[in-house]
Amino acid sequence: MSSTQHIVIIGGGIIGCTTAYYLSHHPAYSSNTKITLLEASKVGIAQGASGKAGGLIAKWAYPKELVNLSFPEHIKLAEKYDGENRWGWRFLECGSWEGRARAPEETGTGAGKQDKRKSLEKTLGLDEGWKKKRAALGLPDDLDWVDEALTDHYSSMAPTGDTAQVHPYLFTASMLDFAKEKGATFTPGRVTEIRTDSSTGTVSGVVYADPITGELHVIDATHVVLAAGPWSPHILPSLPIIGTRAHSVTIRPTGKISPYALFTEIVLDSDERSTQATPELYARPDNEVYCCGPGEISQVPKTVDDVEVDQAACDSIIENVSGISEQLRDGKIDKRQACFLPIIDISGGPIVGEADSVAKGLIVATGHGCWGICNAPGTAKAIAELIFEGKISCGNLDSLHPSHYLA
Ligand SMILES: Cc1cc2nc3c(=O)[nH]c(=O)nc-3n(C[C@H](O)[C@H](O)[C@H](O)COP(=O)(O)OP(=O)(O)OC[C@H]3O[C@@H](n4cnc5c(N)ncnc54)[C@H](O)[C@@H]3O)c2cc1C
């Protein structure tokens, strides 16, 4: 294409930043193309789920049409840019652990009080076979950081090579850095409106507020990519997306931790009844363990900077994981955090494609649920093709098209 293009990306999460990367590395990207990424936070990029997620990358994630694109892209990016050292890329084992928690010395942190909370649903993509294998198998020799005496069942959930990980903040920041090296621009700004040319039905620009001063600005655009995660309906209200808040903590354990991601089911004995907690634990290469609890549907605040951390929810995660691992119990708590998953209200998703029923040139890329870190490269590659080539040819993403979700 010879005419000048200005692509504006709304949202500096993993989807927005990775999209900036794939656009700026597409063969058709040239000096005729301007890319601007706008992010609403006063702090910078990836202050939401994209900086605070676990970072699991799995062949068994869903939806398959995006996973099949994204998993090989993650491998390619890691090889090209030394992802191992730059964003903590590595393969790791993934297992299901069931057992009991050692009774905490003190109670009252909220452990076990999870009635309103629900799983993040990462394991929905697995077939049922792995569950049946549980009973027969014991702990692997190198999984020495959960208490064997408290273990009832352990089973591997996926073959070696099918599960990997990144540090999501480092990955996201790297994608934007590489895009900036090619000329993409980062601008702090909370988009308040997408403007359309009524004579052509095409996007014409966006209005945004400076996050510090609140001053309004307008920039012209030939394409707008809406990648604002759970905030996307604040800009396009017809999107059926809701936010689920989830808490997580990171712990620096005592001793070296072997590379496992564990999906746990921990039986907690309280005075009145037996309850269960299901924290996910991911060992990271820098010997940090990421532990996340369940999600709960909650009002998405005005900006990512306003997300509140419920200390009792973090205490509950810490108490539960301390009950099954001495290394975590004696470790140093590093981060206590909360963030919102963008969930499609009516099932399915994410939503990826041109929302031409709203405006030509408006690309929606949101609703990635619990697998947005995994599925970012496939999403971004498809969007770059859509903008520069007029169609997505790297895969068939018809089922994710906005027409299925927007009136
Ligand atoms: C606890 C937890 C664990 C997870 N673990 C994993 C995992 O292991 N593997 C995996 O694949 N996925 C995981 N996920 C899911 C993953 O984190 C999300 O799917 C992904 O981060 C979504 O990315 P995003 O860019 O769409 O949204 P976000 O990360 O929310 O980014 C959206 C950005 O848009 C900005 N924004 C909002 N409104 C505006 C506006 N008006 N103008 C400009 N900018 C705006 C926000 O400030 C934000 O920075 C996890 C999620 C949670 C909550």
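On the phi < 0 side of the Ramachandran plot, in the same structural domain as Val307 (by TED's automatic domain parsing) and near the ligand (Cβ under 10 Å from one of its atoms), is that true of Ala246? Show your work before the answer.
Values: on the phi < 0 side of the Ramachandran plot: yes; in the same structural domain as Val307 (by TED's automatic domain parsing): yes; near the ligand (Cβ under 10 Å from one of its atoms): yes.
Taking the combined requirement at face value, the residue satisfies it.
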Here is a list: Ser174, Ser155. Which entry is touching a helix residue (DSSP H, G or I) at 6+ places or on another chain (Cβ under 9 Å) and modelled with pLDDT under 95? Ser155
Restricting to region 1-43, name every residue that is touching a Pro at 6+ places or on another chain (Cβ under 8 Å) and open to solvent by 10 Å² or more (accessible area, probe 1.4 Å). Tyr22, Glu39, Ala40, Lys42
Answer residue from region 207-232, given it is hydroxyl-bearing (Ser, Thr, Tyr) and within 12 Å of the ligand (Cβ to nearest atom) and is farthest from Gly16 (Cα to Cα) among those: Tyr208
Name the residue, out of Ala184, Ala179, Ala158, that is assigned by TED's automatic domain parsing to the domain that holds Pro253, within 16 Å of the ligand (Cβ to nearest atom) and surrounded by 15 or more Cβ atoms within 10 Å (Cβ to Cβ). Ala158
Anything in region 291-324 that is modelled with pLDDT of 95 or more, among the β-branched types (Val, Ile, Thr) and either farther than 17 Å from Trp145 by Cα or not assigned by TED's automatic domain parsing to the domain that holds Val267 (or both)? List them, or say none. Val300, Thr303, Val304, Val307, Val309
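If we scan region 306-313, do we find a residue that is open to solvent by 60 Å² or more (accessible area, probe 1.4 Å), polar (S, T, N, Q) and not in a loop (DSSP other than H, G, I, E, B)?
To start, the set of residues in region 306-313 that are open to solvent by 60 Å² or more (accessible area, probe 1.4 Å) comprises 306, 308, 311.
Checking the rest, the ones that are also polar (S, T, N, Q) come to 311.
Still in the list and also not in a loop (DSSP other than H, G, I, E, B): 311.
Yes.
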Residue check, Ala46 against (1) in a strand (DSSP E or B); (2) among the hydrophobic types (A, V, I, L, M, F, W, C); (3) near the ligand (Cβ under 9 Å from one of its atoms), all met but one. Which one? (1)
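Condition check: assigned by TED's automatic domain parsing to the domain that holds Leu38, within 24 Å of Pro168 (Cβ to Cβ), in contact with a strand residue (DSSP E or B) (Cβ under 9 Å, 6 or more places away or on another chain) and without any contact (Cβ under 8 Å) to a residue 12 or more places away in the chain. Does Pro233 satisfy that?
Values: assigned by TED's automatic domain parsing to the domain that holds Leu38: yes; within 24 Å of Pro168 (Cβ to Cβ): yes; in contact with a strand residue (DSSP E or B) (Cβ under 9 Å, 6 or more places away or on another chain): yes; without any contact (Cβ under 8 Å) to a residue 12 or more places away in the chain: yes.
The answer is yes for Pro233.
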The one condition in (1) open to solvent by 20 Å² or more (accessible area, probe 1.4 Å); (2) within 11 Å of the ligand (Cβ to nearest atom); (3) part of a helix (DSSP H, G or I) that Gln327 fails to fulfil: (2)
Evaluation of Phe263 against (1) at pLDDT 95 or above; (2) part of a strand (DSSP E or B); (3) over 27 Å from Ile45 (Cβ atoms); (4) more than 13 Å from the ligand (Cβ to nearest atom) (one fails), failing number: (4)
Tyr169: passes all of (1) more than 17 Å from Phe340 (Cα to Cα); (2) aromatic (Phe, Trp, Tyr); (3) open to solvent by 60 Å² or more (accessible area, probe 1.4 Å) but (1)
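Among the strands (runs of 3 or more DSSP E) lying completely within region 205-253, list those that include at least 1 residues that are among the charged types (D, E, K, R) and buried (at least 19 other Cβ atoms within 10 Å of the Cβ).
On the way: elements: 216-220, 223-226, 241-252.
Result: 241-252.
The values are calculated or read from the model by the stated rules, or taken from the named source; none is laboratory data. Being a predicted model, the structure only gives us computed values, none of them experimental. Neighbour counts run over all protein chains shown; Cβ positions are idealised from the backbone, glycine included. What goes into the accessible areas is simple: the full protein's heavy atoms, side chains included, and nothing from ligands, DNA or RNA. Shrake-Rupley method; radii C 1.70, N 1.55, O 1.52, S 1.80 Å.
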